[in-house]
Structures are given as structure tokens and as C-alpha cells.
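The structure under discussion appears below in the form of C-alpha cells.
The values are calculated or read from the model by the stated rules, or taken from the named source; none is laboratory data. All values reported here derive from a predicted model rather than from experimental measurement. Positions of Cβ are generated from backbone atoms using ideal geometry, with glycine treated the same way; all protein chains shown enter the neighbour counts.
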Amino acid sequence: MKNPYKYLRVFLTGCLLLSVLYGPAWAETKLRANLWLQKVDPYLYGPCGWCSEVFILNENDNRKNFKRYNSNNQTGSYLIDLTGPEGTTVTLYGSQDFNLSQGYLILVKQDDRPIAVGDLENLPPRQWVEVKQSDTGPGLYRVWYHPGEYFKDRIASVRWGQWWSELPPISEKE
């Protein structure tokens, strides 16, 4: 009679070999950052306003414009969610081509938990503010908000990482 465990032994040996070779790489997998934007208009799709598509940008996917995002030209305001490791930094601009003239918002994650940005109009302008959402829910982040007219309705470009040298500029001339 042949050994019925031969194939099981080969399979387990293969699994052990894979875990030894690739285990450290799997364990060191970096938490990837993603920016989720959704434009919500309660008058366009009924009282919920949640029927628009979500525009997802992966880490380092800098976009000079949102022409490919179907909901960009509709009325309504953006909801902003950011995931990723501590230190993830992203800037949202009110104009295309990373132009500062229509305002901008810088988000810097302070922990690994996802964040959901609240009402932009309640943020103090042109200063760093630390926002702690809750002890059990979304995470901690720092934000710099340079207001622009209808900014939360007109986000038009996104850049990842830190692009300023000291304090963020108030205008393009600084």
C-alpha cells in the first residue's frame, strides 16, 4: 500500500518553504494610503445624496485635474476620507494644476487610523490645527486650510507629499 500522506507532506513542505522565503516580505507590507472623494448633493439624488460614485486616488497618484471623475461637474460638496500610515500627507486644491488661487487644504495623518474630514468651513484659516475625531473611531490628523470661494464644492487637483518648505504659503507669490 502506498503512503496516503505523501501528497500532504509535499504540500506542507511547500507551504513551509514559501513562508520562510516570503514571510518577512509579507510581514513588512506597508499600509498603503488612499484618498476617497465623493461629491454629494442631497438635491440631485434625493435626501441621501449618497448616490454619486467615489473617486479613489492611490498614494502618489498626483492629479492636475479631475476630468476623468464623472461627478466633478455636478453640484454639491466633497466628502473627504484618507487612509494610510502616520505621516501620510496630501493637498487638495480648489483649482486645476495645483494652483493656490482658489484655496487649498493640507492633511497630515498623525496615526494609522482612517480619517474623515468634517466641515471645512469650521476650520480656522491659515494655521495648523490638530483634529482628533474620537478615541474609538477615525484617527488624528493635522490640517492647514487656506479658504477659497466654494472650495469644498470645487476641489480640482490633488498632490501627495510635502511641497512647501516652511509654513504653507498664503498665495502663489510667497
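Based on what the data block shows, is W50 at pLDDT below 70, assigned to a helix (DSSP H, G or I) and hydrophobic (A, V, I, L, M, F, W, C)? Let's see the steps before the verdict.
Details: at pLDDT below 70: yes; assigned to a helix (DSSP H, G or I): no; hydrophobic (A, V, I, L, M, F, W, C): yes.
Judged against the criteria, W50 is not a match.
Could you please find all residues in the stretch 119-130 being within 21 Å of Q38 (Cα to Cα) and surrounded by 13 or more Cβ atoms within 10 Å (Cβ to Cβ)?
As a first pass, look at the stretch 119-130 and keep what is within 21 Å of Q38 (Cα to Cα): 119-123.
Within the stretch 119-130, L120, L123 qualify.
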### Query
Which residues, counting only those in the stretch 149-162, are crowded, with 21+ Cβ neighbours inside 10 Å and either touching a His at 6+ places or on another chain (Cβ under 7 Å) or within 19 Å of R126 (Cβ to Cβ) (or both)?
F151, K152, I155
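Going by the structure shown, is P4 at pLDDT below 55, of a type outside the set (G, A, S) and exposed (fewer than 10 other Cβ atoms within 10 Å of the Cβ)?
Working: at pLDDT below 55: no; of a type outside the set (G, A, S): yes; exposed (fewer than 10 other Cβ atoms within 10 Å of the Cβ): yes.
Here the answer is no, as P4 does not meet what is asked.
If a residue has to be under 26 Å from K64 (Cα atoms), aliphatic (A, V, I, L, M) and not in a loop (DSSP other than H, G, I, E, B) to count, how many in the stretch 130-156 make the cut?
Residues that pass the stated criteria total 1.
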### Task
Give just the number: which of (1) touching a Leu at 6+ places or on another chain (Cβ under 7 Å); (2) modelled with pLDDT of 90 or more; (3) of a type in the set (K, R) does R113 not satisfy?
(1)
